[in-house]
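Take a look at the structure below.
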Amino acid sequence: MSKNTGSIQRLLKAESEANAKIASARQNKQNLLKKARDDADLEVKTYKEKKEAEFNEYKRNHEQDTGSYEQQLQQQTQKAIEDIQKQVEVNKDKVVDLILKSIADVHIE
């Protein structure tokens with residue numbers, strides 16, 4: 001019977017050691033998962049900050065361009081208005097004469 005008791009004690013000891021190894025492996029797995037999650041979060045945060053900085057730089061550069069485009073468009077519009085006003089001044093008398101002539105020349109049939 002003592003042989004059986006010694007065998008049982010060895011089995012219990014082996015089971016205890018196996019449980020300890022399993023617990024240690026589970027803890028290591030949890031630690032690795034936590035480290036991987038933290039590393040991924042850091043990588044995402046770094047990537048996000050980089051892209052936000054690039055976007056802000058792009059936005060700042062293009063806002064300045066918008067001002068110059070707006071100013072250029074304003075100048076073109078003003079020039080077009082001035083050209084139309086010059087044409088009105090040049091052709092105003094001709095148009096008035098043409099209208100008066102059309103009104104004065106009534107053809108009765």
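The values are calculated or read from the model by the stated rules, or taken from the named source; none is laboratory data. Everything numeric here is computed off the predicted structure, so don't read it as measured data. Cβ coordinates were reconstructed from backbone atoms using ideal geometry, including for glycine residues, and neighbour counts include every protein chain displayed. The accessibility values were calculated without ligands, DNA or RNA, using every heavy atom of the protein model including side chains. Shrake-Rupley method; radii C 1.70, N 1.55, O 1.52, S 1.80 Å.
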Residue 95 and residue 44 label points (each 7 Å along its Cα→Cβ direction) are spaced in nm at 6.6
I need the phi-derived Karplus couplings for region 40-53: 6.51 cos²θ - 1.76 cosθ + 1.60, θ = phi - 60°, integer Hz, Gly and Pro marked x. 5, 4, 5, 5, 5, 4, 4, 4, 4, 4, 4, 5, 5, 5
Straight-line reach check, residue 35, cutoff 15 Å on alpha carbons, 8 or more apart in-chain or any other chain, hits among aspartates and glutamates -> 43
If R0 = 25 Å, then residue 35 and residue 57, at their Cβ-Cβ distance, give a FRET efficiency to the nearest 0.05 of 0.15
Describe numerically, in nm with one decimal, the distance between label points set 7 Å from Cα along Cα→Cβ at residue 105 and at residue 71. 5.3
Carbon/sulfur accessible area of the chain, % of total, 1.4 Å probe, equals 57
Let me cross-check residue 46: its accessible surface, 1.4 Å probe, with only protein heavy atoms counted, in Å² to the nearest 10? 80
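Would you please calculate the Kirkwood hydrodynamic radius of region 1-73 over all C-alpha pairs and express it in Å, rounded to one decimal? Write down the numbers at each step before the final one.
On the way: mean 1/r = 0.0552 Å⁻¹.
Evaluated on region 1-73, it is 18.1 Å.
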